[in-house]
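The values are calculated or read from the model by the stated rules, or taken from the named source; none is laboratory data. Computed from a prediction, not measured in an experiment: that's the story for all the values here. Every residue, glycine as well, gets a Cβ built from its backbone with ideal geometry; the counts of neighbours run over all protein chains shown. These accessible areas exclude ligands, DNA and RNA; they are computed on the full protein's heavy atoms, side chains included. Shrake-Rupley method; radii C 1.70, N 1.55, O 1.52, S 1.80 Å.
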Amino acid sequence: MATMPVAGLPPISDTHVADLVVRNAKVYTGDPARPQASAVAIKDGKVTVVGDDDDVAALIGARTRVVDALGRRVIPGLNDSHLHVIRGGLNYVLELRWDGVPTLRQALAMLREQAGRTPKGQWVRVVGGWSADQFAEKRLPTLAELNAAAPDTPVFVLHLYQSALMNRAALRAAGYTRATPDPRGGQIVRGRDGEPTGMLLAAPSALILYSTLAAAPTLQGDDLKNSTRHFLRELNRFGLTSAIDAAGGFQNFPDNYGTVIDLARSGQLSLRIAYHLFPQTPGQEIQDLRRWIDMVRPGDGDEWLRLNGAGENLTWSAADFENFTEPRPELAADYEAGFEKAVRMLMENGWGFRLHATYDETIRRDLAVFEKLAAEGLFPAGNRWLFDHAETVSQDSLDRIAALGGAMSIQNRMSFQGEAFVRRYGAGAAAEAPPVRAMLDRGLIVGAGTDATRVSSYNPWVALHWLIAGRTVGDLTIYPPQNRVSRETALTMYTQAGAKLTGEQDVKGILKPGFYGDLAILSDDFFAVDEQDIPHIESLFTVTGGRIVYAAAEYEGLDEALPTISPAWSPVAYFGGYQATVKPSISGARQAELLGQAVAESEQHRQWRAQRGFTPAAAPEIFDTCFVL
């Protein structure tokens, strides 16, 4: 039984009775004082007891929900340290997700079916979370295939931050013609006749991809809340209970934050969010930062929604791009002046920040500004700060970051772009892109995340597999053993490190009395499952603050109810989000063995029904026209 009755137990004081008890589990706590346990009790949203089944028995009352983990692995709730969760939530139900889809054939079939149900005026949009290298065909769809699949419905397919494909209907809807000029840093590919073909290239700026997508219809009113709640439930599906929102392009404050603010006020968030503020308009960054400094302060909010600082861009001129199919972008020679002004203002007002930086060339220039302010006693002034991404950061730069009290947040962008990186820079450079072990060896806080939803998938187990196995979704090994981490280290990066990046290390990331009641019962034991099966792990039971926010398998129906997905034609309503596939270890001979077991069980079931008169005693004669002479 997944849940246990508690009738007959002696009454105990409501002061001590637990709201939720998870028992009969293999609990990894993350707490060095007690790393393993078999039971956890939660009351008023916080852990009260971590121990064995006898330890929690005295906390069980008539109102306690007791959940039997059935011997499964339990871990602290996962925390994605770099996820565009706010922007992702506002668009989730509009997007056809190719995350996890194994073949281009299946992807195109999904697109064709969705085009048939998408109403006039709406677009079919595939926006991130996949790579051509994950497909068995190892290629992108062609423009001809998109036009054949959807001749009349606009289709926009984003491939990483490299390119986008648009069918003819989408070109018309976006207003792209022979006369449309190429935007700065982007290219509209044209045919011999000068007309746009439907291919957009980030060369190297992704702004052309963002701005084109922004032309598509958006959700309004209650549909925004509906979309965000379903996206958070999808994240809960994988054991996520927290995320640090990295803001991003086309995410204005406070306008685009209104939905999560409303959900937080009504107690409807199922994921804890620490958010950042990102100036949107080049040339206006200082004014925006000043305005926000006067409005809010880091730490404002509560345990569900709180401001964490500025970034991931502070000034647009200081931001590089991660399109590894293009050469490294050369940034303006004088960006430091405006960048220094922004950092100085943040430090003087007690604001920490996170900073997008892909290349060491950018990181070195940023560090020179920080060191100048440090010489004046203004940096870091007790504020948390970190670099994001840092694929090509050097050993020297890591030493400088450590000396300035900085931290790192790395994402599995190389899971999806590793092949492109190898083609441009070589396998040797890819082997330490980023140098994960060197970061950890210096004692730096290193949070792990995905950078979903427009680059990597939001599935954290794909990112954990990348850290442990050093492989891409296309099954290319890019990291040698010395730049990989153990399963325990990877999990720590996805729990405790993220809590440290938001200053919540004393209440989050560990299963320990007094900490938040955030945990997940996993479908497979992360510490024992075949390495190749790690990306296929899901949560069967996710708890955030003592609330059951996701439940599947034996626990189905125990989670909080969600409203029906709207609009009704949403791709998510038909296909769901991440597409789960068969574990690699269950293949070949093992699949044949399981099929044989299923056949045997089917015959046993037929015999049982025959004995009770529910079906004829004789097995039916099998007739197959293929064998008719």
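Quick check on the range 48-62. Is at least one of its residues at pLDDT 95 or above, part of a strand (DSSP E or B), open to solvent by less than 10 Å² (accessible area, probe 1.4 Å) and not polar (S, T, N, Q)? Looking for residues that are at pLDDT 95 or above, part of a strand (DSSP E or B), open to solvent by less than 10 Å² (accessible area, probe 1.4 Å) and not polar (S, T, N, Q), one finds at least one in the range 48-62, hence yes.
State yes or no: is GLN417 over 15 Å from ASP388 (Cα atoms), within 20 Å of the chain's Cα centre (by Cα) and not charged (D, E, K, R)? Considered against the rule, which asks whether it is over 15 Å from ASP388 (Cα atoms), within 20 Å of the chain's Cα centre (by Cα) and not charged (D, E, K, R), GLN417 comes out as yes.
Within the range 264-302, restricting attention to residues that are free of Cβ contacts under 8 Å to residues at least 40 places away in the same chain and under 30 Å from LEU519 (Cβ atoms), the residue that is nearest to the chain's Cα centre (by Cα) is LEU269. The number of residues in the range 314-323 that are surrounded by 24 or more Cβ atoms within 10 Å (Cβ to Cβ) and at pLDDT 95 or above comes to 2. Filtering the range 142-161 for residues that are in contact (Cβ under 8 Å) with a residue 24 or more places away in the chain, part of a loop (DSSP other than H, G, I, E, B) and aliphatic (A, V, I, L, M) leaves a non-empty set. Residues in the range 115-131 that are part of a helix (DSSP H, G or I) and touching a residue at least 60 places away in the same chain (Cβ under 8 Å): ARG117 alone. Of the residues contained in the range 244-252, none is found to be part of a loop (DSSP other than H, G, I, E, B), at pLDDT 95 or above and under 27 Å from ALA149 (Cα atoms).
Between GLU113, GLU137, GLU95, the distinction of being in contact with a Lys or Arg (Cβ under 6 Å, 6 or more places away or on another chain), of a type in the set (D, E, K, R) and modelled with pLDDT of 95 or more belongs to GLU95 only. The condition (being more than 20 Å from the chain's Cα centre (by Cα), modelled with pLDDT of 95 or more and not aromatic (Phe, Trp, Tyr)) is satisfied by just one residue among PRO460, PRO481: PRO481.
Is there a residue in the range 490-499 that is of a type in the set (Val, Ile, Thr) and open to solvent by less than 30 Å² (accessible area, probe 1.4 Å)?
Within the range 490-499, one or more residues are of a type in the set (Val, Ile, Thr) and open to solvent by less than 30 Å² (accessible area, probe 1.4 Å).
Can you confirm whether the range 508-516 contains a residue that is over 18 Å from the mean Cα position of the chain (by Cα), open to solvent by 40 Å² or more (accessible area, probe 1.4 Å) and farther than 25 Å from PRO35 by Cβ? Within the range 508-516, none of the residues are over 18 Å from the mean Cα position of the chain (by Cα), open to solvent by 40 Å² or more (accessible area, probe 1.4 Å) and farther than 25 Å from PRO35 by Cβ. Does the range 414-422 contain at least one residue that is among the aromatic types (Phe, Trp, Tyr), buried (at least 22 other Cβ atoms within 10 Å of the Cβ) and closer than 16 Å to ALA469 by Cα? Checked against the condition, which is being among the aromatic types (Phe, Trp, Tyr), buried (at least 22 other Cβ atoms within 10 Å of the Cβ) and closer than 16 Å to ALA469 by Cα, the range 414-422 yields at least one hit. Listed by first and then second residue, the pairs with beta-carbon distance under 7 Å, at least 6 apart or on different chains, first residue in the range 478-489 and under 10 Å from ALA431 (Cβ atoms) and of a type in the set (Phe, Trp, Tyr), second modelled with pLDDT of 95 or more and in a loop (DSSP other than H, G, I, E, B), are TYR479/ALA431; TYR479/GLY470. Would you check if ASP524 is outside any loop (DSSP other than H, G, I, E, B), charged (D, E, K, R) and closer than 27 Å to SER456 by Cα? Spelling it out, it is not the case that ASP524 is outside any loop (DSSP other than H, G, I, E, B), charged (D, E, K, R) and closer than 27 Å to SER456 by Cα. Considering ALA381, ALA337, the condition of being free of Cβ contacts under 8 Å to residues at least 24 places away in the same chain and open to solvent by 20 Å² or more (accessible area, probe 1.4 Å) is satisfied by ALA337 alone.
Listed by first and then second residue, the pairs linking a residue in the range 203-231 that is within 16 Å of ILE188 (Cβ to Cβ) to a residue that is of a type in the set (Phe, Trp, Tyr) and open to solvent by less than 10 Å² (accessible area, probe 1.4 Å), with Cβ atoms under 8 Å apart and 6 or more places separating them unless they lie on different chains, are THR212/PHE156; LEU213/PHE156.
Among all residues of the range 613-626, there is none that is surrounded by 15 or more Cβ atoms within 10 Å (Cβ to Cβ), at pLDDT 95 or above and assigned to a loop (DSSP other than H, G, I, E, B). Within the range 527-584, the set of residues being crowded, with 17+ Cβ neighbours inside 10 Å, part of a loop (DSSP other than H, G, I, E, B) and not polar (S, T, N, Q) comprises VAL529, ILE537, GLU538, GLY545, GLY546, ALA552, ASP559, ILE565, GLY577, TYR578, LYS583. So which residues in the range 95-120 are touching a Ser or Thr at 6+ places or on another chain (Cβ under 7 Å) and within 30 Å of ALA357 (Cα to Cα)? Correct list: ASP99, GLY100. When the residues of the range 206-231 are filtered to those that are within 21 Å of GLU312 (Cβ to Cβ) and assigned to a helix (DSSP H, G or I), the one that is most open to solvent (accessible area, probe 1.4 Å) is LEU207.
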